[in-house]
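> Below is the structure I would like to discuss, written out as C-alpha cells.
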Amino acid sequence: MSQDKKKSSGAAALRSLPSVERLVTSAELDEARQWLGRGWITETARRVVQEEREHRGRGGSPRDPAELASTVLARCRSLRFGGIRRVVNATGVVLHTNLGRACIDRELALEAVEAARGAVSVELDLATGERGNRYESVQRLLGALTGCEASVVVNNNAAAVLLVVNTLALGKEVVVSRGELIEIGGSFRLPEILVGSGAVLREVGTTNRTHLADFRKAIGPSTGLLMKTHTSNYRVEGFTKTVSARELMALSAETGVPVYEDLGSGSLADLGRYGLTPEPTVQQVVASGIPLVSFSGDKLLGGPQAGIIVGTRALVGRLMENHLLRALRTDKLTMALLERTLAQYLDPKGPSALIPTHQLLARTPEELRGLAQQVLAGGRLERLDAHLLQDRAAVGGGACPTDTLPTWTITLAHDGSGADDLAARFRARETPVIGRVKDGKFCLDMRTVRADDVGELSSALGAVDRELGGAG
Ligand SMILES: *Cc1c(COP(=O)(O)O)cnc(C)c1O
C-alpha cells in the first residue's frame, strides 16, 4: 500500500518536471542569452532536467523551476567564463605551481601578446627572406647570458629531460645516483621519465651516499649518459656524499660518455642577495664545463613555462636533429615572452627591478609590514580578529627547498569559523584570494601580494567580515 503510494507520488513528481523549453525561456536565463548561443543554453538545460529526472526517480525531493533555472545559469556561466581566473596569491609561496609559478610583467606580457596577435617573424629571417630559425634570438640571448655555445628551448624542463635522454641514451643506460631519483609535484618522476624516453635506468650508490667509484663501476659498453639532478624539493642531510657534475666530467673524459645536469629551477641571478642559500648560477655551471644543462623557464628565471637547454655545439646539435623536437617545440607566444624575459636580464636596472618573481624575492620585511597595514586599513573589520604577525615562507617551485624568507602576515580568526571555513570564504570571492593555513590559523601572507592586489584584498577582507555578520 505505502509502496504504491510512493510510486504514484514519484510518477507525479516526474510529470511535474519543468520542460527544457520552459527553463530556456525563463527570465532567470535572460542574461545568459547575451553571451551564450541558444543551442548551448538548451543543451545545458537538457542536462539539468535529465539530472533532476534521475534525482526524483531515486525518490529525491523535487527542486522548483527557479532553482533549476539558477543551476542552468551557473552551469552556463562556468562553461562560458569558467576558465583560468586571476587570483590573489596570499600564500607567501613565490613560485606556486598550482597558481601558475612565475608571474609575468604586465608591459612585457602585453608586448608579447601584441607581437603574437598577428603574423610574427618566428621562423623567418627578415634579412634574407628565407626560412629562419625559431630559436635564433633566444639562442643569442642565452649565449650572452650564460656563455653557452648553443641552446634550444622546449615546452618545459620535463620535456628537456626527455629530449636529452632520448637523443643521447635511447636503448642505453643512464647512470643516476640513488640520492637523486626525484619526484617533483607528483607528475614528474625521474625514473619514469627516463624509461619513457627510451633509456634504461642504471641506479648507483645509496640514498645518502654515492661515490665517483659507483659511477665508474657502472660504465660499460651500454652506457649512454651520466646524469646529475638537482634535488629541488628536498635535501639529504647528515652522513652524505654526492658526486658533482664536475667530478663526472673526469669520467666523461676517460670514457667519452656525455654528462648532463638537470638544474631544476636554475637561476641567472645570484640568490644570495635575497638572503637565500647561494647556488651556482647557470652561467657558473656552464663555465665549469658541464656540456649539457637544462632548467625551467617559469621557476627562478621568472618567465613563461619552458625548458631551456644550454650546452656545447656538438651535443645541442644532436638534440636539434632529433625529430621529437618538433613534438616538444614551444609556440610563438612562449618564445615572445621568453625572449623578452631574457632580455630584461641585460637591462642595467637588473632582474630585481624588472622581473616580478625577483621583485617579490627582493622585498624587505619593512615593505611587507607596510603592505599588510595598507590592506588592513582598507578593510574596516568588525567581526574578524586580525593580527599582523612576522613569519617565514618558502620560495616554492622546487627552488631552495630548505630556505625560507622572512615575511609578514595578516592572521585572521573568528569565533564561529575555523581556518578552513575562512579559507573557503576567501576562495569563493569573485577574484579568489588564496591564503594559507598555519597552526590552525588562516593567514594572508604579504610576500606574494602585489601592490595592485591591495584594493582587492581589502575589499575581500571587508566582504568576508560582513558575511560573517550575516551568518550570525
Ligand atoms: C621542476 C623540475 C623539473 C620539472 O620542470 P618543469 O619545467 O616543471 O617541467 C625537472 N627537474 C627538476 C630537478 C626540477 O626541479
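The values are calculated or read from the model by the stated rules, or taken from the named source; none is laboratory data. The shown structure was predicted, so the numbers you read here are calculated from the model rather than taken from an experiment. Positions of Cβ are backbone-derived with ideal geometry, glycine not excepted, and every protein chain shown enters the neighbour counts.
> From the list Ala460, Ala419, pick out the single residue that is surrounded by fewer than 23 Cβ atoms within 10 Å (Cβ to Cβ), small (Gly, Ala, Ser) and either over 20 Å from the mean Cα position of the chain (by Cα) or over 30 Å from Val282 (Cβ atoms) (or both). Give the derivation first.
Numbers: Ala460 fails: surrounded by fewer than 23 Cβ atoms within 10 Å (Cβ to Cβ).
Every option except Ala419 fails the conditions.
> Hey, among Pro304, Pro278, Pro258, which residue is over 20 Å from Leu194 (Cβ atoms), assigned by TED's automatic domain parsing to the domain that holds His230 and away from the ligand (no atom under 16 Å from the Cβ)?
On the way: Pro304 fails: away from the ligand (no atom under 16 Å from the Cβ); Pro258 fails: over 20 Å from Leu194 (Cβ atoms).
The unique qualifying residue is Pro278.
> Looking for whichever is surrounded by 15 or more Cβ atoms within 10 Å (Cβ to Cβ) and farther than 15 Å from Ala13 by Cβ here; the options are Val72, Val49. Which one fits? Full working, then the answer.
On the way: Val49 fails: farther than 15 Å from Ala13 by Cβ.
Going through Val72, Val49 in turn, the sole match is Val72.
> Within the bounds of segment 283-301, is there any residue that is touching a residue at least 60 places away in the same chain (Cβ under 8 Å), within 25 Å of the chain's Cα centre (by Cα) and more than 16 Å from the ligand (Cβ to nearest atom)?
yes
> Among the numbered criteria (1) modelled with pLDDT under 95; (2) charged (D, E, K, R); (3) in the same structural domain as Arg47 (by TED's automatic domain parsing), which one does Arg75 miss?
Single failed check for Arg75: (1).
> Sticking with this structure for a sec: May I ask you to list the residues in segment 407-416 that are closer than 24 Å to Gln374 by Cβ and surrounded by fewer than 20 Cβ atoms within 10 Å (Cβ to Cβ)? Outline the logic, then answer.
Residues of segment 407-416 closer than 24 Å to Gln374 by Cβ: 407-414.
Hit for segment 407-416 is Ala413, nothing else.
> In segment 204-242, what count of residues is obtained for those that are assigned to a loop (DSSP other than H, G, I, E, B), touching a Gly at 6+ places or on another chain (Cβ under 8 Å) and either on the phi > 0 side of the Ramachandran plot or more than 16 Å from the ligand (Cβ to nearest atom) (or both)?
Our first condition is that a residue be assigned to a loop (DSSP other than H, G, I, E, B); within segment 204-242, this holds for 205-208, 210-211, 219-222, 230-240, 242.
Narrowing further to those that are touching a Gly at 6+ places or on another chain (Cβ under 8 Å): 205-208, 210-211, 230-233, 236, 240, 242.
Then drop every residue that is not either on the phi > 0 side of the Ramachandran plot or more than 16 Å from the ligand (Cβ to nearest atom) (or both), which leaves 205-208, 210-211, 240.
Looking only at that region, the number is 7.
> In addition: In the set Ala112, Ala69, Ala90, which member is within 28 Å of Ala399 (Cβ to Cβ) and at pLDDT 95 or above? Spell out how you get there, then give the answer.
On the way: Ala112 fails: at pLDDT 95 or above; Ala69 fails: within 28 Å of Ala399 (Cβ to Cβ).
One residue alone meets the criteria, Ala90.
> Quickly run through segment 243-255 and pick out the residues that are closer than 15 Å to Gly179 by Cβ, more than 14 Å from the ligand (Cβ to nearest atom) and of a type in the set (A, V, I, L, M, F, W, C).
Step one: filter segment 243-255 for residues closer than 15 Å to Gly179 by Cβ, giving 243-245, 247-248.
Next cut, more than 14 Å from the ligand (Cβ to nearest atom) only: 243-244, 247-248.
Once the filter is applied, which keeps residues that are closer than 15 Å to Gly179 by Cβ, more than 14 Å from the ligand (Cβ to nearest atom) and of a type in the set (A, V, I, L, M, F, W, C), segment 243-255 yields Val243, Leu248.
> Is it the case, given these coordinates, that Gly272 is assigned to a loop (DSSP other than H, G, I, E, B), surrounded by fewer than 24 Cβ atoms within 10 Å (Cβ to Cβ) and away from the ligand (no atom under 11 Å from the Cβ)?
Working: assigned to a loop (DSSP other than H, G, I, E, B): no; surrounded by fewer than 24 Cβ atoms within 10 Å (Cβ to Cβ): yes; away from the ligand (no atom under 11 Å from the Cβ): yes.
Answer is no for this residue.
> Do you know which residues across segment 67-93 are among the β-branched types (Val, Ile, Thr) and assigned to a helix (DSSP H, G or I)?
Answer for segment 67-93, where residues must be among the β-branched types (Val, Ile, Thr) and assigned to a helix (DSSP H, G or I): Thr71, Val72.
> Same structure, new question: Considering only segment 217-239, how many residues are of a type outside the set (Phe, Trp, Tyr) and either at pLDDT below 90 or outside the structural domain of Asn166 (by TED's automatic domain parsing) (or both)?
So the count comes out to 7.
> Is it the case that segment 141-153 has a residue that's within 15 Å of the ligand (Cβ to nearest atom), touching a residue at least 60 places away in the same chain (Cβ under 8 Å) and in the same structural domain as Pro191 (by TED's automatic domain parsing)? Working first, answer last.
First pass over segment 141-153, keeping only residues within 15 Å of the ligand (Cβ to nearest atom): 152-153.
Of the ones still in play, those that are also touching a residue at least 60 places away in the same chain (Cβ under 8 Å) are 152-153.
From what's left, in the same structural domain as Pro191 (by TED's automatic domain parsing): 152-153.
Within segment 141-153, one or more residues are within 15 Å of the ligand (Cβ to nearest atom), touching a residue at least 60 places away in the same chain (Cβ under 8 Å) and in the same structural domain as Pro191 (by TED's automatic domain parsing).
> Something else: Answer yes or no: is there a residue in segment 447-455 that is part of a helix (DSSP H, G or I), of a type in the set (Lys, Arg) and not assigned by TED's automatic domain parsing to the domain that holds Asp298.
Our first condition is that a residue be part of a helix (DSSP H, G or I); within segment 447-455, this holds for 447-448, 451-455.
Retained after the next criterion (residues that are of a type in the set (Lys, Arg)): 447.
Among the residues that remain, those that are also not assigned by TED's automatic domain parsing to the domain that holds Asp298 are: 447.
There is at least one residue in segment 447-455 that is part of a helix (DSSP H, G or I), of a type in the set (Lys, Arg) and not assigned by TED's automatic domain parsing to the domain that holds Asp298.
> Right, next: Using the structure shown, decide if Gly379 is at pLDDT below 95 and either surrounded by fewer than 23 Cβ atoms within 10 Å (Cβ to Cβ) or charged (D, E, K, R) (or both). Let's see the steps before the verdict.
Numbers: at pLDDT below 95: yes; either surrounded by fewer than 23 Cβ atoms within 10 Å (Cβ to Cβ) or charged (D, E, K, R) (or both): yes.
So Gly379 passes the test.
> Here is a further query. Among the residues of segment 382-400, write down those that are surrounded by 19 or more Cβ atoms within 10 Å (Cβ to Cβ) and either within 16 Å of the ligand (Cβ to nearest atom) or of a type in the set (Lys, Arg) (or both).
Residues satisfying the conditions are Ala394, Val395, Gly396, Gly397, Gly398, Ala399, Cys400.
> Just give me the residues in segment 94-104 being surrounded by fewer than 20 Cβ atoms within 10 Å (Cβ to Cβ) and either modelled with pLDDT of 95 or more or not in a loop (DSSP other than H, G, I, E, B) (or both), in sequence order.
Matches in segment 94-104: Thr97, Asn98, Leu99.
> Consider Thr448 against the criteria (1) under 22 Å from the mean Cα position of the chain (by Cα); (2) modelled with pLDDT of 95 or more; (3) over 16 Å from Asn89 (Cβ atoms); (4) crowded, with 19+ Cβ neighbours inside 10 Å: it satisfies all of them except one. Which criterion is unmet?
Failing condition for Thr448: (3).
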